[in-house]
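The values are calculated or read from the model by the stated rules, or taken from the named source; none is laboratory data. Note that this is a predicted model, so its numbers are computed, not measured. Using ideal geometry, Cβ is built from the backbone for each residue, glycine included, and neighbour counts are taken over all protein chains shown. To get the accessible areas, we keep the full protein, side chains included, count just its heavy atoms, and leave off ligands, DNA and RNA. Shrake-Rupley method; radii C 1.70, N 1.55, O 1.52, S 1.80 Å.
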Amino acid sequence: MRFELSYTQITVYALILSVLFDMLINKDSMLATLRFWLSYGIIVPFQLVTNWWLTSRGIVMYNPDSIIGLRVAGAPIEDLIFGFAMILAVMAMWEMLLRKKALS
């Protein structure tokens, strides 16, 4: 028996886990801070340009059966959601580790 997840499913799971980690494990939610949203606002344009460049040249291709089909800058919407989850998780972990270091 083979168990496979689509890119959409992986993206949704990553988003849920990142938000739960940020809200429940990380004591100060990054989602409630201006610095997170400013950082994300700086990162997103570069992600869009990179996604467009990679997909428009055929360097990265997506299986149509594994994505919703909605695209932004040539890449599936899942890429934006996954990027959001990744940035949130990394920033939340960074903050948590900084607090642990300050307490020790």
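Structure values in brief
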| item | result |
| --- | --- |
| Amide H within-cut-off set for Val60, under 5 Å, with H built and near neighbours excluded | Thr55 |
| Per principal axis, descending, Cα span of the chain in whole Å | 48, 40, 20 |
| Structure-based [θ]222 nm, the chain - -39500 (n - 2.57) summed over DSSP H runs of at least 4, per residue, nearest 500 | -21500 deg cm²/dmol |
| Mean accessible surface per residue for the chain, computed with a 1.4 Å probe while every protein chain stays in place, in Å² | 70 |
| For peptides 31-42, 11-22, sequence by mean Cβ density within 10 Å, most packed first | 11-22, 31-42 |
| The stretch 1-53 - Rg over Rh from alpha carbon coordinates, Kirkwood radius | 1.11 |
| Highest-MSF residue in the chain out of Ile87, Ile77, Ile25 [GNM, Cα springs under 10 Å] | Ile25 |
| Inter-site label distance for Ser29 and Phe46 at 7 Å from Cα along Cβ, in nm | 2.7 |
| Given charges at Cβ of Lys, Arg, Asp, Glu: the stretch 7-104 dipole, positive-most of Thr33, Met23, Leu88 | Thr33 |
| Nonlocal amide H pairs with Val72, under 5 Å, H built at 1.01 Å | Ile77 |
| Tilt relative to the chain, helix 77-103 - C-alpha long axis, 0 to 90 degrees, to 10 | 20 |
| Extension gain (nm, one decimal) between Glu4 and Ile68, 0.36 nm per residue minus Cα-Cα | 21.4 nm |
| Helix 7-20 axis, angle to the chain major axis (alpha carbon atoms, nearest 10°) | 10 |
